[in-house]
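Please read the structure below before turning to the comments.
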Amino acid sequence: GIEIGAIIVADFDLLVAWKNGSTYGVDKIDYTAKYDFAYVETMILNPEKRNVSKTLGQVSAYYNSLPASTGITFSYSVNGGAYVAMTSVTNTVLSEIFAKLRVPNVGSLQIKMAFTTSSNSTPVIEGIDVTLE
């Protein structure tokens, strides 16, 4: 139920402004504490082509580190709908976790990546790629 309002980088610190009901605050991120199922959600991808029907083909996350018992899961939201989970595969040769699928009639698209942690270990992501046809 916590809403993130802003994220600011100050030197090596990450400051996060948040709201929980009528309570507000700003916290400095503690890099020693990892939160299971924390997630990153994109803004709408390719908003300039919102009026063009597309097909979602693949979502990839490229990792620098994928410690034992950690992982990444993907889901997508098309045209403002509910998020739908994707089944992913790990390619250790390219250090990539990807999900291939064919989702037609995409106007607007958002991607969510959720992280599974193990103790104080978590995946380290270098970048993501989304293929639209």
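The values are calculated or read from the model by the stated rules, or taken from the named source; none is laboratory data. A quick note: this is a predicted structure, and the numbers were derived from the prediction, not measured. Backbone-built Cβ (ideal geometry, glycine too); neighbour counts: all protein chains shown. When the accessible area is computed, the model is the full protein with side chains, heavy atoms only, and any ligands, DNA or RNA have been set aside. Shrake-Rupley method; radii C 1.70, N 1.55, O 1.52, S 1.80 Å.
So for the pair Lys49, Asn64, with labels modelled 7 Å out along Cα→Cβ, what separation do we get in nm?
Between Lys49 and Asn64, the simple spin-label model gives 3.0 nm.
How far apart, in nm, are two points set 7 Å out from the Cα along the Cα-to-Cβ line at Phe37 and at Asn20?
Between Phe37 and Asn20, the simple spin-label model gives 1.6 nm.
Can you tell me the relative contact order of the chain? Whole percent, Cα pairs under 8 Å, sequence separation 6 or more. Don't jump to the answer; show the numbers that get you there.
Numbers: 280 pairs, mean separation 41.7, N = 133.
Normalised by residue count, the contact order of the chain is 31 percent.
Pull up the cross-link candidates among the aspartates and glutamates for Lys112, meaning alpha carbon to alpha carbon under 13 Å and not fewer than 8 places away within one chain.
Once the sequence-local aspartates and glutamates are set aside, what remains near Lys112 is Glu41, Asp129.
Where is the GNM fluctuation largest for the chain (alpha-carbon springs, 10 angstrom cutoff): Ile29, Ile97, Ile44?
Ile29
Based on the alpha-carbon gyration tensor of the stretch 1-44 and its eigenvalue square roots a ≥ b ≥ c, which shape applies: rounded if a/c is under 1.5, prolate if not and a/b is larger than b/c, or oblate?
Working: a/c = 1.33, a/b = 1.14, b/c = 1.17.
Verdict is rounded for the stretch 1-44.
Of Gly80, Gly71, Gly21, which is the most mobile in a GNM of the chain whose springs link Cα atoms less than 10 angstrom apart?
Answer for the Gaussian network model of the chain: Gly21.
Using unit Cβ charges (K, R positive; D, E negative) and no other charged atoms, how large, in debye to the nearest 20, is the dipole of the stretch 25-133 about its Cα centre? The partial results should precede the final answer.
On the way: 8 positive and 9 negative charges, 65 e Å.
Roughly 320 debye, rounded to the nearest 20.
Pick from Val103, Val59, Val26: which is most flexible by mean-square fluctuation in a GNM of the chain where alpha carbon atoms under 10 Å apart are linked?
Residue with maximal mean-square fluctuation among Val103, Val59, Val26: Val26.
Work out the length of the dipole vector of the stretch 3-61 about its Cα centre, built from +1 on the beta-carbon of each Lys and Arg and -1 on the beta-carbon of each Asp and Glu, and round it to the nearest 20 debye. Write down the numbers at each step before the final one.
Working: 6 positive and 8 negative charges, 79 e Å.
It comes to approximately 380 debye.
List the chymotrypsin sites (Phe, Trp or Tyr not before Pro) within the stretch 1-103 that fall in a DSSP loop (any state other than H, G, I, E or B) and whose Cβ has at most 16 other Cβ atoms within 10 Å. Spell out each step's value before the answer.
Values: sites: Phe12, Trp18, Tyr24, Tyr31, Tyr35, Phe37, Tyr39, Tyr62, Tyr63, Phe74, Tyr76, Tyr83, Phe98; in loops: Phe12, Tyr31, Tyr35, Phe37, Tyr83.
Passing both the DSSP loop test and the Cβ count: Phe12, Tyr31, Tyr35, Phe37, Tyr83.
Taking every Cα atom in the stretch 32-74, find the radius of gyration and the maximum pairwise distance Dmax, and write them in Å.
Cα only, the stretch 32-74: 15.0, 44 Å (Rg, Dmax).
With a ≥ b ≥ c taken as the square roots of the eigenvalues of the C-alpha gyration tensor of the chain, please select rounded if a/c is under 1.5 and otherwise prolate if a/b is larger than b/c or oblate if it is not?
Details: a/c = 2.13, a/b = 1.25, b/c = 1.70.
In terms of gyration-tensor shape, oblate.
Please calculate how many Å² of accessible area the chain carries per residue, with a 1.4 Å probe and no DNA, RNA or ligand atoms counted. It would help to have the intermediate numbers written out before the result.
Working: 8530 Å² over 133 residues.
Heavy-atom SASA per residue in the chain reads 64 Å².
Identify all lysines with a Cα-Cα distance to Lys34 below 16 Å; exclude those on the same chain that are fewer than 8 residues away in sequence.
none
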